[in-house]
Amino acid sequence: MFRQMFEEKYMRFPDGKSKALTFGYDDGVKADKRLVAVFDEYGLKGTFNLNSRLFGCEGWHGRLDEEETYSLFANDRHEVALHGARHIFLDKVPLAEAVNEIVQNRVYLENKFGRIVRGLAYAYNGYNDEVINALKCCGVSYARTTESSYGFSVPTDWYRLKPTCHHADARLSALADKFLNCSPEQDFKHREPWLFYIWGHSYEFDDGNNWDIIESFAKRVSGRKDIWFATNAEVYDYVQAYKNLVFSIDGERVYNPSHMPVWIEIRGKVYKAEGGATLQFDKEV
């Protein structure tokens, strides 16, 4: 018997799901109100990357003012993340200034919302190795680029995180078809979980008069029992918890040192490894 797929272990998302969907939207603009309403109506979750010194700039895509921003995101359903205090190229200023942009942004958002803020989207996609090192020193856990992967692979480099595609990309429909109609379990050799990551700016729906793109997509995926709907940080935290699992030398036991349960597939069966507990897999018969 060919045993390869039966011995390999694959991460599964909460409740054993093999697919996850997340969104990232930038700038903190008035159109976010409508987008959040769409997400909430259809049970989706997203990450909103905010600047902290551009509130109420009407001439810049109609930005939310300070209190509108707080009111929209205060309930903690959606993630609040960094986008630089002033939306500048982090890679085109002295490093000290880039650090100041990150720190100011983080201090403001954490104090305003009363939560820890660890994610970032690069304004203008401006980053380099020096900026990434600065992010690590500033306690940022992940940072999203604007470079489409056109795939569903779970990130391995969380400081060069590539989304699947922009919401207006011509390939969105085909990618959605594959994501919804296929699954990793159908592949004998590559059963790794899928992450569909869509990004953009909500004002683009107003500019293009094409809110139907996100509304129809949201309606299409809503209620799918095989998809985990999560914020960027929730995906990051879950993947880290999986990476921190400790397996016995023979691969038949696993210890989960994290606080959250983690799901694993082995030999075609999905197991739930509770936080702080050791699990033994069923013996092959």
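Here are some notes:
- Cβ-derived FRET efficiency at R0 41 Å, ASP187 paired with ASP76, nearest 0.05: 0.70
- q = 0.24, 0.26 Å⁻¹: log10 I(q)/I(0) that the Debye formula gives for segment 1-75, counting C-alpha atoms only: -1.11, -1.22
- Of LYS162/LYS219; LYS30/LYS225; LYS19/LYS219; LYS92/LYS136; LYS136/LYS243; LYS17/LYS269, pairs whose Cα-Cα distance is over 21 Å: LYS162/LYS219; LYS30/LYS225
- In the full protein context, the chain carries 45 Å² of accessible surface per residue, based on a 1.4 Å probe and ignoring ligands, DNA and RNA.
- Selected from TYR159, TYR203, TYR124 as most flexible by GNM, with the chain as the system and alpha-carbon contacts under 10 Å: TYR124
- Percent of C-alpha pairs per 10 Å bin in segment 82-231, short distances first: 10, 33, 32, 21, 4.
- A quarter of the convex hull surface defined by the alpha-carbon atoms of segment 164-240 gives 6.0 nm² as the mean projection.
- For SER148 and GLU41, the difference between the fully extended length at 0.36 nm per residue and the C-alpha to C-alpha distance is 35.8 nm.
- Added length on full extension, which subtracts the Cα-Cα distance from 0.36 nm per residue, ILE249 to PHE89: 52.9 nm
- Of LEU50, LEU172, LEU95, the one that fluctuates the most in a GNM where the chain has Cα springs shorter than 10 Å: LEU95
- Over segment 78-133, the hull volume per residue, using the convex hull of the C-alpha atoms, is 76 Å³.
- DSSP beta bridges confined to the chain are antiparallel in about 40 percent of cases.
- Rg/Rh, computed from the Cα trace of segment 132-185 with Rh as the Kirkwood radius, has the value 1.09.
- Here Rg and Dmax of the Cα atoms in Å was computed from the coordinates, and among (1) 19.9, 68; (2) 20.5, 82; (3) 18.0, 54 the match is (1).
- Surface accessible to a 1.4 Å probe, PHE13 within the full protein complex, Å²: 0 Å²
- Each stretch of four or more DSSP H residues adds -39500 (n - 2.57); spread over every residue of the chain, this sum gives -9500 deg cm²/dmol at 222 nm.
- Segment 3-136: translational diffusion in µm²/s, Stokes-Einstein, Kirkwood Rh over Cα pairs, 10 °C, 1.306 mPa s: 97 µm²/s
- Of every Cα-Cα pair in segment 146-285, the percent that sits beyond 22 Å: 50 percent
- The distance between label points at HIS259 and THR156 comes to 3.1 nm (points 7 Å beyond Cα on the Cα→Cβ vector).
The values are calculated or read from the model by the stated rules, or taken from the named source; none is laboratory data. What you see is a predicted model; the values in this text were computed from it and never measured. Note that each Cβ is placed from the backbone with ideal geometry, even for glycine, and that neighbours are counted across all protein chains shown. Ligands, DNA and RNA are excluded from the accessible area calculation, which covers all protein heavy atoms including side chains. Shrake-Rupley method; radii C 1.70, N 1.55, O 1.52, S 1.80 Å.
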